[in-house]
Each structure stands twice: as structure tokens, then as C-alpha cells.
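Engineer: One structure follows; several queries about it will come next.
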């Protein structure tokens, strides 16, 4: 059974399908390049993964201006 990419319709390698991928290698790379994130240090705590820019507003309120 051949599995096709849901974006372009090309055949996906069977090893990628076994790993759970639904995109071919090229479409998967394009999708990965669209995602953006950053890691921000918390005051007297650990680091936090930020995926939404609005989460950064007021994050470090020890420095002064908080919106």
C-alpha cells in the first residue's frame, strides 16, 4: 500500500509512514520552516517555550514597563 503526501500527492517513503509522518520529506521541511518559537528565561525560575508572541508581553515584569 502506497501512502501519498496530503500536500503534494507524492509517494511517502514507508519508513516515514511507520514513524507517523503524513507529509513527504520536502513538504515536511517547508511546514517545519513556517513554525517559529523562542525560549525565554523566567525570573528566578526555569526557561519557558514561547510559541505565541502575545505571551511575551509582561513576562519579565521585574524590569520596568509592563503592558
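Engineer: Just to be sure I understand the model, the point goes 7 Å from the Cα along the line to the Cβ. What's the resulting residue 3 to residue 46 distance in nm?
Structural biologist: 3.1 nm
Engineer: Spin-label point model (7 Å from Cα, Cβ direction): what's the residue 39 to residue 10 distance in nm?
Structural biologist: 3.1 nm
Engineer: Highest mean first, how do 12-20, 35-43 rank when packing is the count of other Cβ atoms within 10 Å averaged over residues? Numbers along the way, then the final one.
Structural biologist: Working: 12-20: 11.4, 35-43: 9.3.
Ranking, from highest mean packing down: 12-20, 35-43.
Engineer: Further question: Write down, largest first, the equivalent ellipsoid semi-axes of the chain in whole Å, where each equals the square root of 5 times an eigenvalue of the alpha-carbon gyration tensor. Can you show the working numbers first?
Structural biologist: Values: eigenvalues 331, 31, 9 Å².
Here the semi-axes work out to 41, 12, 7 Å.
Engineer: Relative to the longest principal axis of the chain, what angle (0 to 90°, nearest 10) does the C-alpha long axis of helix 25-34 take?
Structural biologist: 20 degrees
Engineer: Helix-only mean residue ellipticity at 222 nm, the chain, DSSP H runs n ≥ 4 weighted -39,500 (n - 2.57), per residue, nearest 500. What is it? Walk me through the numbers before you get to the answer.
Structural biologist: Working: 2 runs with 15 residues, N = 67.
Value at 222 nm, helices only: -6000 deg cm²/dmol.
Values in this text are rule-based calculations from the coordinates and carry no lab data. Keep in mind the model is a prediction, meaning the values are calculated, not measured. Please note: Cβ atoms are built from the backbone with ideal geometry, for glycine as well, and neighbour counts cover all protein chains shown.
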